[in-house]
Amino acid sequence: MAKRKQKSRAFNRDRGSQHADLNAPLPRMSEEELYDKIFELKNPTLLILDCIEDPHNLGACLRTADAAGVLAVVTPKNKAASITETVRRVASGGAESVPLVQVTNLAQSMNKMKEAGLFLIGTSDQATEDLYDKNLTGPIGIVMGSEGSGLRRLTMDTCDDLISIPMAGEVPCLNISVATGVCLYEVVRQKQA
């Protein structure tokens, strides 16, 4: 019964939020507030995006982050998309509910997240472990790489572990927003189990 209610709620919410309120205030969270929240909360999930430049992809990631209950989305200030009208439209309300925290130095910020108790898992085709074989419960940050080149070397080295998404077909990889959805919902599935 609970699953049926969740599906109905998601469907109605989606139909009702086809257009984002572009005048709504954006949620704010500083880096220090982010680290405090990670430390305070029992089981947070964060999404870390390493140099996502396409505003459509950022908007889709924010929308999925909202649906998956993510605490915040973290991006670098440089070489990454920021909140624009396009991002807000694509996010369909996600940009107004999930804080986007832009940091000066992503690797340093990731180290501070780890000090606050977050386990960071990056996605990479170099990973030896499969998404579905990894324990994704507990305080976790999912780290996704850029559209073309994936995770930068320093970002990858700062992760606690790496996973890959199994690909059974001919295409070598998924779109970043689709891959983000796959990873975040495996986190949701495992945390609810």
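The values are calculated or read from the model by the stated rules, or taken from the named source; none is laboratory data. As the structure is a computational prediction, the values presented were derived from the model and not from experiment. We place every Cβ from the backbone using ideal geometry, glycine too, and count neighbours over all the protein chains shown.
For the structure I just gave you, tell me whether Gly122 is in a strand (DSSP E or B), of a type outside the set (A, V, I, L, M, F, W, C) and either in contact (Cβ under 8 Å) with a residue 40 or more places away in the chain or within 16 Å of Ala72 (Cβ to Cβ) (or both). So Gly122 passes the test.
Just one of (1) within 23 Å of Asn111 (Cα to Cα); (2) in a helix (DSSP H, G or I) fails for Asn78. It is (2).
With outside any helix (DSSP H, G or I) and either on the phi > 0 side of the Ramachandran plot or in contact (Cβ under 8 Å) with a residue 60 or more places away in the chain (or both) as the only criterion, which of Thr137, Thr128 stands out? After ruling out the rest, the residue left standing is Thr137. Condition first: in a loop (DSSP other than H, G, I, E, B), farther than 19 Å from Ser149 by Cα and aliphatic (A, V, I, L, M). Now tell me which residues in the stretch 81-107 satisfy that. The answer is Ile83, Val98. Of the residues in the stretch 149-161, at least one is under 16 Å from Glu129 (Cα atoms), in contact with a strand residue (DSSP E or B) (Cβ under 6 Å, 6 or more places away or on another chain), not in a loop (DSSP other than H, G, I, E, B) and not charged (D, E, K, R). Exactly one residue out of Ser146, Ser82 is of a type in the set (S, T, N, Q) and surrounded by 15 or more Cβ atoms within 10 Å (Cβ to Cβ), and it is Ser146. For residues that are part of a loop (DSSP other than H, G, I, E, B) and polar (S, T, N, Q), scanning just the stretch 1-57, find the one that is modelled with the lowest pLDDT. Among those that are part of a loop (DSSP other than H, G, I, E, B) and polar (S, T, N, Q), it is Ser17.
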